[in-house]
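The values are calculated or read from the model by the stated rules, or taken from the named source; none is laboratory data. These numbers come from a predicted model, not from an experiment. Neighbour counts run over all protein chains shown; Cβ positions are idealised from the backbone, glycine included.
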(Lines give C-alpha, C1' and ligand atoms only; values in the text may rest on other atoms or scores of the structure.)
Protein backbone atom coordinates (compact mmCIF):
# COMPACT_ATOMS: atom_id res chain seq x y z
CA UNK A 1 0.00 0.00 0.00
CA UNK A 2 1.26 3.48 -0.91
CA UNK A 3 0.07 6.99 -0.08
CA UNK A 4 0.12 9.23 -3.16
CA UNK A 5 -0.38 13.00 -3.33
CA UNK A 6 -1.92 15.16 -6.01
CA UNK A 7 1.05 17.09 -7.40
CA UNK A 8 -0.96 20.29 -7.86
CA UNK A 9 -3.02 20.04 -4.64
CA UNK A 10 -1.05 18.67 -1.71
CA UNK A 11 -4.21 18.42 0.40
CA UNK A 12 -5.52 15.73 -1.94
CA UNK A 13 -4.19 12.22 -1.25
CA UNK A 14 -5.11 8.63 -1.95
CA UNK A 15 -4.02 5.10 -1.09
CA UNK A 16 -3.11 2.76 -3.92
CA UNK A 17 -2.41 -0.96 -3.79
CA UNK A 18 1.01 -1.78 -5.19
CA UNK A 19 1.66 -4.68 -7.52
CA UNK A 20 4.13 -7.11 -6.03
CA UNK A 21 6.93 -6.73 -8.57
CA UNK A 22 9.36 -9.57 -9.04
CA UNK A 23 12.98 -8.58 -8.45
CA UNK A 24 15.39 -8.49 -11.36
CA UNK A 25 19.09 -9.24 -10.98
CA UNK A 26 20.89 -6.90 -8.60
CA UNK A 27 17.80 -5.56 -6.80
CA UNK A 28 16.63 -5.63 -3.18
CA UNK A 29 13.17 -5.40 -1.68
CA UNK A 30 12.91 -3.19 1.40
CA UNK A 31 10.09 -3.66 3.87
CA UNK A 32 9.44 -0.21 5.30
CA UNK A 33 9.20 -0.31 9.08
CA UNK A 34 8.45 3.31 9.95
CA UNK A 35 9.07 6.85 8.73
CA UNK A 36 8.67 10.41 10.02
CA UNK A 37 6.38 13.18 8.79
CA UNK A 38 7.35 16.82 9.33
CA UNK A 39 6.80 20.11 7.52
CA UNK A 40 9.96 19.19 5.63
CA UNK A 41 7.86 16.70 3.66
CA UNK A 42 5.60 19.56 2.60
CA UNK A 43 8.66 21.30 1.20
CA UNK A 44 9.46 18.18 -0.83
CA UNK A 45 5.98 18.37 -2.34
CA UNK A 46 5.98 22.13 -2.98
CA UNK A 47 9.37 21.99 -4.73
CA UNK A 48 8.83 18.52 -6.17
CA UNK A 49 9.14 19.58 -9.81
CA UNK A 50 11.91 22.14 -9.45
CA UNK A 51 14.15 19.92 -7.31
CA UNK A 52 13.01 16.55 -8.73
CA UNK A 53 11.64 15.14 -5.49
CA UNK A 54 8.81 13.58 -7.51
CA UNK A 55 11.41 11.60 -9.48
CA UNK A 56 12.76 9.70 -6.45
CA UNK A 57 9.76 7.35 -6.20
CA UNK A 58 7.75 7.72 -9.43
CA UNK A 59 3.98 7.20 -9.29
CA UNK A 60 2.22 5.07 -11.84
CA UNK A 61 -0.29 7.72 -12.91
CA UNK A 62 0.34 11.20 -14.29
CA UNK A 63 -0.58 14.02 -11.92
CA UNK A 64 0.11 11.97 -8.79
CA UNK A 65 3.34 11.71 -6.83
CA UNK A 66 4.99 9.99 -3.90
CA UNK A 67 6.43 12.43 -1.38
CA UNK A 68 9.69 11.10 0.12
CA UNK A 69 10.17 10.63 3.84
CA UNK A 70 13.07 9.67 6.11
CA UNK A 71 12.79 6.33 7.83
CA UNK A 72 13.98 2.79 8.47
CA UNK A 73 13.55 -0.33 6.34
CA UNK A 74 14.82 -3.91 6.25
CA UNK A 75 16.07 -5.95 3.29
CA UNK A 76 13.58 -8.83 3.05
CA UNK A 77 14.47 -10.13 -0.42
CA UNK A 78 17.63 -9.76 -2.46
CA UNK A 79 19.09 -10.74 -5.81
CA UNK A 80 22.14 -8.59 -5.13
CA UNK A 81 25.50 -9.78 -3.86
CA UNK A 82 26.01 -6.29 -2.40
CA UNK A 83 23.30 -6.27 0.26
CA UNK A 84 22.14 -9.32 2.26
CA UNK A 85 18.69 -10.10 3.61
CA UNK A 86 18.27 -8.76 7.15
CA UNK A 87 20.26 -5.53 6.63
CA UNK A 88 18.54 -2.52 8.27
CA UNK A 89 18.85 0.81 6.46
CA UNK A 90 18.06 4.46 7.18
CA UNK A 91 17.32 6.87 4.36
CA UNK A 92 14.83 8.26 1.85
CA UNK A 93 11.66 6.14 1.60
CA UNK A 94 8.20 6.48 0.06
CA UNK A 95 5.06 6.38 2.21
CA UNK A 96 4.66 2.72 1.32
CA UNK A 97 4.71 -0.78 2.72
CA UNK A 98 7.77 -1.64 0.65
CA UNK A 99 10.06 -0.36 -2.08
CA UNK A 100 12.70 -1.76 -4.43
CA UNK A 101 16.25 -0.43 -4.74
CA UNK A 102 19.25 -1.32 -6.88
CA UNK A 103 22.22 -1.20 -4.49
CA UNK A 104 25.54 0.17 -5.69
CA UNK A 105 28.51 2.12 -4.34
CA UNK A 106 28.37 -0.18 -1.32
CA UNK A 107 30.84 0.23 1.52
CA UNK A 108 30.90 -0.56 5.21
CA UNK A 109 28.84 2.55 6.04
CA UNK A 110 26.14 2.57 3.43
CA UNK A 111 24.74 1.93 0.00
CA UNK A 112 23.33 4.02 -2.84
CA UNK A 113 20.32 3.29 -5.00
CA UNK A 114 21.70 3.33 -8.56
CA UNK A 115 18.39 2.55 -10.28
CA UNK A 116 18.10 4.36 -13.65
CA UNK A 117 15.32 6.69 -12.49
CA UNK A 118 17.51 7.99 -9.65
CA UNK A 119 20.58 8.74 -11.75
CA UNK A 120 21.30 12.46 -11.59
CA UNK A 121 19.43 13.00 -8.32
CA UNK A 122 21.25 14.42 -5.32
CA UNK A 123 23.61 11.84 -3.84
CA UNK A 124 22.47 12.63 -0.30
CA UNK A 125 18.96 11.45 -1.20
CA UNK A 126 20.14 8.29 -2.97
CA UNK A 127 22.28 7.15 -0.04
CA UNK A 128 21.18 4.71 2.68
CA UNK A 129 23.05 4.28 5.96
CA UNK A 130 23.66 0.77 7.27
CA UNK A 131 22.40 0.73 10.85
CA UNK A 132 24.85 -2.03 11.77
CA UNK A 133 27.84 0.29 11.24
CA UNK A 134 26.32 3.75 11.77
CA UNK A 135 28.03 5.32 14.83
CA UNK A 136 24.98 7.49 15.66
CA UNK A 137 22.44 4.68 15.39
CA UNK A 138 20.58 3.61 18.53
CA UNK A 139 17.68 1.18 18.10
CA UNK A 140 15.87 2.80 21.03
CA UNK A 141 16.11 6.27 19.46
CA UNK A 142 14.93 5.57 15.94
CA UNK A 143 11.94 7.96 16.22
CA UNK A 144 14.25 10.81 17.27
CA UNK A 145 16.67 10.02 14.43
CA UNK A 146 13.91 9.98 11.82
CA UNK A 147 12.51 13.32 12.94
CA UNK A 148 15.61 15.26 13.97
CA UNK A 149 18.59 13.97 11.97
CA UNK A 150 17.51 15.23 8.51
CA UNK A 151 16.27 18.54 9.90
CA UNK A 152 19.39 19.21 11.95
CA UNK A 153 21.50 18.47 8.91
CA UNK A 154 19.55 21.20 7.12
CA UNK A 155 20.17 23.50 10.10
CA UNK A 156 23.88 22.75 9.82
CA UNK A 157 23.88 23.46 6.08
CA UNK A 158 22.14 26.83 6.58
CA UNK A 159 24.74 27.89 9.14
CA UNK A 160 27.63 26.48 7.11
CA UNK A 161 26.44 28.16 3.90
CA UNK A 162 26.32 31.52 5.66
CA UNK A 163 29.71 30.92 7.24
CA UNK A 164 31.13 29.83 3.88
CA UNK A 165 30.03 33.19 2.47
CA UNK A 166 31.19 35.26 5.47
CA UNK A 167 27.53 35.74 6.41
CA UNK A 168 27.20 37.91 3.29
CA UNK A 169 28.43 40.76 5.47
CA UNK A 170 25.37 40.47 7.73
CA UNK A 171 25.50 41.12 11.45
CA UNK A 172 22.12 39.51 12.09
CA UNK A 173 20.17 36.57 10.67
CA UNK A 174 16.39 36.91 10.59
CA UNK A 175 14.56 33.57 10.61
CA UNK A 176 10.89 32.91 9.88
CA UNK A 177 8.99 29.96 11.36
CA UNK A 178 11.26 30.29 14.38
CA UNK A 179 9.46 27.52 16.27
CA UNK A 180 10.33 24.93 13.60
CA UNK A 181 12.98 22.34 14.36
CA UNK A 182 15.13 23.46 11.42
CA UNK A 183 15.09 27.08 12.58
CA UNK A 184 15.84 26.12 16.19
CA UNK A 185 18.81 24.00 15.14
CA UNK A 186 20.20 26.83 13.04
CA UNK A 187 19.74 29.37 15.85
CA UNK A 188 21.64 27.14 18.27
CA UNK A 189 24.57 26.83 15.85
CA UNK A 190 24.55 30.56 15.12
CA UNK A 191 24.52 31.34 18.84
CA UNK A 192 27.59 29.17 19.37
CA UNK A 193 29.58 31.29 16.94
CA UNK A 194 28.19 34.64 18.05
CA UNK A 195 25.91 35.53 15.13
CA UNK A 196 22.86 37.51 16.23
CA UNK A 197 19.56 35.86 15.33
CA UNK A 198 16.05 37.30 15.22
CA UNK A 199 13.33 34.66 15.30
CA UNK A 200 9.95 35.50 13.76
CA UNK A 201 7.01 33.49 15.05
CA UNK A 202 3.30 33.65 15.80
CA UNK A 203 1.99 35.26 18.98
CA UNK A 204 0.88 31.84 20.18
CA UNK A 205 4.39 30.42 19.88
CA UNK A 206 6.34 33.45 21.14
CA UNK A 207 6.64 32.33 24.77
CA UNK A 208 7.74 28.85 23.75
CA UNK A 209 10.39 30.15 21.34
CA UNK A 210 11.70 32.61 23.94
CA UNK A 211 11.95 29.79 26.49
CA UNK A 212 14.41 27.94 24.25
CA UNK A 213 17.00 30.68 24.77
CA UNK A 214 18.64 30.13 21.39
CA UNK A 215 17.58 33.35 19.62
CA UNK A 216 19.06 36.75 20.38
CA UNK A 217 15.59 38.23 19.93
CA UNK A 218 12.11 36.83 19.27
CA UNK A 219 9.47 38.91 17.49
CA UNK A 220 5.95 38.15 16.33
CA UNK A 221 5.06 38.36 12.67
CA UNK A 222 3.27 41.67 13.18
CA UNK A 223 6.44 43.27 14.59
CA UNK A 224 8.70 43.07 11.53
CA UNK A 225 9.21 46.82 11.68
CA UNK A 226 11.00 46.30 15.03
CA UNK A 227 13.88 44.44 13.37
CA UNK A 228 17.07 46.49 13.65
CA UNK A 229 18.04 48.15 10.37
CA UNK A 230 21.56 46.75 10.22
CA UNK A 231 23.14 44.42 7.62
CA UNK A 232 21.04 41.24 7.60
CA UNK A 233 20.46 37.85 6.03
CA UNK A 234 16.94 36.43 5.86
CA UNK A 235 16.33 32.69 6.24
CA UNK A 236 12.82 32.00 4.99
CA UNK A 237 11.42 28.73 6.33
CA UNK A 238 7.78 29.84 6.46
CA UNK A 239 7.43 30.53 2.74
CA UNK A 240 4.84 33.24 3.42
CA UNK A 241 5.16 35.66 0.49
CA UNK A 242 3.55 38.59 2.32
CA UNK A 243 5.98 38.16 5.22
CA UNK A 244 8.87 37.91 2.77
CA UNK A 245 7.81 41.22 1.26
CA UNK A 246 7.53 42.88 4.69
CA UNK A 247 11.05 41.78 5.63
CA UNK A 248 12.51 42.88 2.29
CA UNK A 249 10.72 46.23 2.46
CA UNK A 250 11.66 46.96 6.07
CA UNK A 251 15.30 45.97 5.53
CA UNK A 252 15.57 47.60 2.10
CA UNK A 253 19.20 48.60 1.69
CA UNK A 254 20.30 46.45 4.64
CA UNK A 255 19.28 42.98 3.43
CA UNK A 256 22.42 41.39 1.97
CA UNK A 257 21.04 37.92 1.31
CA UNK A 258 17.59 36.30 1.18
CA UNK A 259 17.56 32.52 1.48
CA UNK A 260 14.57 30.26 0.80
CA UNK A 261 14.75 27.04 2.82
CA UNK A 262 11.20 25.79 3.36
CA UNK A 263 7.54 26.45 2.83
CA UNK A 264 5.60 25.67 6.02
CA UNK A 265 2.90 28.13 4.83
CA UNK A 266 2.64 26.39 1.46
CA UNK A 267 -1.06 27.18 0.98
CA UNK A 268 -0.74 30.91 1.73
CA UNK A 269 -1.69 33.15 -1.19
CA UNK A 270 0.21 36.42 -1.55
CA UNK A 271 -1.94 39.57 -1.38
CA UNK A 272 0.69 41.72 -3.13
CA UNK A 273 2.30 40.49 -6.33
CA UNK A 274 4.29 43.59 -7.28
CA UNK A 275 8.08 43.48 -7.68
CA UNK A 276 9.95 42.45 -4.54
CA UNK A 277 12.65 44.79 -3.17
CA UNK A 278 16.16 43.41 -3.70
CA UNK A 279 17.88 41.03 -3.24
CA UNK A 280 16.30 38.21 -5.21
CA UNK A 281 15.57 35.27 -2.87
CA UNK A 282 17.78 32.24 -3.56
CA UNK A 283 16.76 28.67 -2.78
CA UNK A 284 19.21 26.77 -0.57
CA UNK A 285 19.40 23.19 -1.83
CA UNK A 286 21.15 21.40 1.03
CA UNK A 287 22.70 18.58 -1.08
CA UNK A 288 24.63 21.16 -3.13
CA UNK A 289 26.41 22.50 -0.04
CA UNK A 290 26.88 18.96 1.28
CA UNK A 291 28.53 17.95 -2.00
CA UNK A 292 30.80 21.00 -1.87
CA UNK A 293 31.92 20.26 1.68
CA UNK A 294 32.40 16.57 0.95
CA UNK A 295 34.88 17.49 -1.78
CA UNK A 296 36.64 20.04 0.43
CA UNK A 297 36.66 18.19 3.75
CA UNK A 298 36.19 14.55 2.82
CA UNK A 299 33.29 12.34 3.84
CA UNK A 300 34.72 11.38 7.22
CA UNK A 301 35.16 15.00 8.30
CA UNK A 302 31.66 15.92 7.18
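Here residue 207 clears all of (1) over 23 Å from the mean Cα position of the chain (by Cα); (2) not in a helix (DSSP H, G or I) except the condition numbered (2). Remark: pairs (first residue in segment 17-29, at positive phi; second residue modelled with pLDDT of 90 or more; Cβ separation under 8 Å; 6+ apart in sequence or on different chains) = 26/79; 26/80; 26/102; 26/103. Of the residues making up segment 256-297, those that are modelled with pLDDT under 90, over 17 Å from the mean Cα position of the chain (by Cα), part of a loop (DSSP other than H, G, I, E, B) and farther than 23 Å from residue 201 by Cβ are 273, 274, 275. Tallying residues that are in contact with a helix residue (DSSP H, G or I) (Cβ under 6 Å, 6 or more places away or on another chain) and outside any loop (DSSP other than H, G, I, E, B) within segment 45-68 yields 2.
Tell me which of these residue 41 doesn't satisfy, since it passes every other one: (1) under 25 Å from residue 181 (Cα atoms); (2) without any contact (Cβ under 8 Å) to a residue 60 or more places away in the chain; (3) in a strand (DSSP E or B). With respect to (1) under 25 Å from residue 181 (Cα atoms); (2) without any contact (Cβ under 8 Å) to a residue 60 or more places away in the chain; (3) in a strand (DSSP E or B), residue 41 is out only on (3). Restricting attention to segment 210-230, the residues being over 21 Å from residue 171 (Cβ atoms) and part of a helix (DSSP H, G or I) number 5. For the condition at pLDDT below 95, outside any helix (DSSP H, G or I) and buried (at least 19 other Cβ atoms within 10 Å of the Cβ), residue 83 qualifies. Looking across segment 231-255, the residues that are crowded, with 23+ Cβ neighbours inside 10 Å and either at pLDDT below 95 or assigned to a loop (DSSP other than H, G, I, E, B) (or both) come down to 237, 238, 239, 251. Counting the residues of segment 107-124 that are in contact with a helix residue (DSSP H, G or I) (Cβ under 7 Å, 6 or more places away or on another chain) and crowded, with 16+ Cβ neighbours inside 10 Å gives 6.
What number of residues within segment 116-134 satisfy the criterion of being assigned to a loop (DSSP other than H, G, I, E, B) and over 22 Å from the mean Cα position of the chain (by Cα)? Adding up the residues that qualify gives 2. Residues of segment 169-184 that are surrounded by fewer than 24 Cβ atoms within 10 Å (Cβ to Cβ) and in contact with a strand residue (DSSP E or B) (Cβ under 6 Å, 6 or more places away or on another chain): 169, 170, 172, 179.
Checked against the criterion of being under 30 Å from residue 260 (Cα atoms) and in contact with a strand residue (DSSP E or B) (Cβ under 7 Å, 6 or more places away or on another chain), the candidates 35, 47 yield just one match: 35.
Report yes if residue 184 is closer than 22 Å to residue 157 by Cβ and in a helix (DSSP H, G or I), otherwise no. Yes: the conditions hold for residue 184. When each of 71, 63, 48, 26 is tested for being surrounded by fewer than 19 Cβ atoms within 10 Å (Cβ to Cβ) and either within 22 Å of residue 101 (Cβ to Cβ) or at pLDDT below 95 (or both), the lone residue that passes is 26.
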